[in-house]
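For reference, the structure discussed in these notes is given below.
The values are calculated or read from the model by the stated rules, or taken from the named source; none is laboratory data. None of these values were measured; they are calculated from a predicted model. We place every Cβ from the backbone using ideal geometry, glycine too, and count neighbours over all the protein chains shown. Keep in mind that these areas ignore ligands, DNA and RNA; they rest on the heavy atoms of the full protein, side chains included. Shrake-Rupley method; radii C 1.70, N 1.55, O 1.52, S 1.80 Å.
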Amino acid sequence: MLLTERYKDKIKGVLSCYDRIVIHGNIPDLCFDGGMPSYLYKNNIKIFDYPEWANRHREELREHAERIAHDNGLEIEFIRKIDSFRKDDRIQAIIESHGDHPGLVHIFSAMETCTSYKPWH
């Protein structure tokens, strides 16, 4: 018998939440073909210095993700081919092997290409 059924006469409501959160996003001011050059210009960054500037931020993000993984006893799984498997199936297998408990379950990492931003001389 479910707990909510056993105590239904004493329960005034039930709260539900998501079983997972997928974070995916973009920065609206930068996510179009003129956005990044405009940002770089406004911040006095030469367009051909972009790779060095971006690498610093990429490293900072990666170090932060690695720290979160380490703090939660996880390894980051790099996805080389994005459509090679269903991420939901992979997470379900992890939950089945490690148990169903609250908290961070897994971290996927993938490299996404950007075809809209190409500096030209």
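Summary of values
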{"quantity": "Search result, residues across the range 26-56 that are more than 18 Å from Glu112 (Cβ to Cβ) and not in a loop (DSSP other than H, G, I, E, B)", "calculated": "Pro37, Ser38, Tyr39, Leu40, Tyr41, Lys42, Ile47, Phe48, Asp49, Glu52, Trp53, Arg56"}
{"quantity": "Residue match in the range 39-53 (condition: at pLDDT 85 or above, under 15 Å from the mean Cα position of the chain (by Cα) and not small (Gly, Ala, Ser))", "calculated": "no"}
{"quantity": "Pair list, Cβ < 8 Å and 6+ apart or interchain, from the range 69-90 residues that are under 17 Å from Met111 (Cβ atoms) and touching a residue at least 12 places away in the same chain (Cβ under 8 Å) to residues that are of a type in the set (Ser, Thr, Tyr) and open to solvent by less than 70 Å² (accessible area, probe 1.4 Å)", "calculated": "Ile76/Ser109; Glu77/Ser109; Phe78/Ser109; Ile79/Ser109"}
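Residue-wise test of (1) at pLDDT below 90; (2) within 16 Å of the chain's Cα centre (by Cα); (3) not β-branched (Val, Ile, Thr).
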| residue | (1), (2), (3) |
| --- | --- |
| Arg58 | yes, yes, yes |
| Ile68 | no, yes, no |
| Asp71 | no, no, yes |
| Ile76 | no, yes, no |
| Ile94 | yes, no, no |
| His98 | yes, no, yes |
| His101 | yes, no, yes |
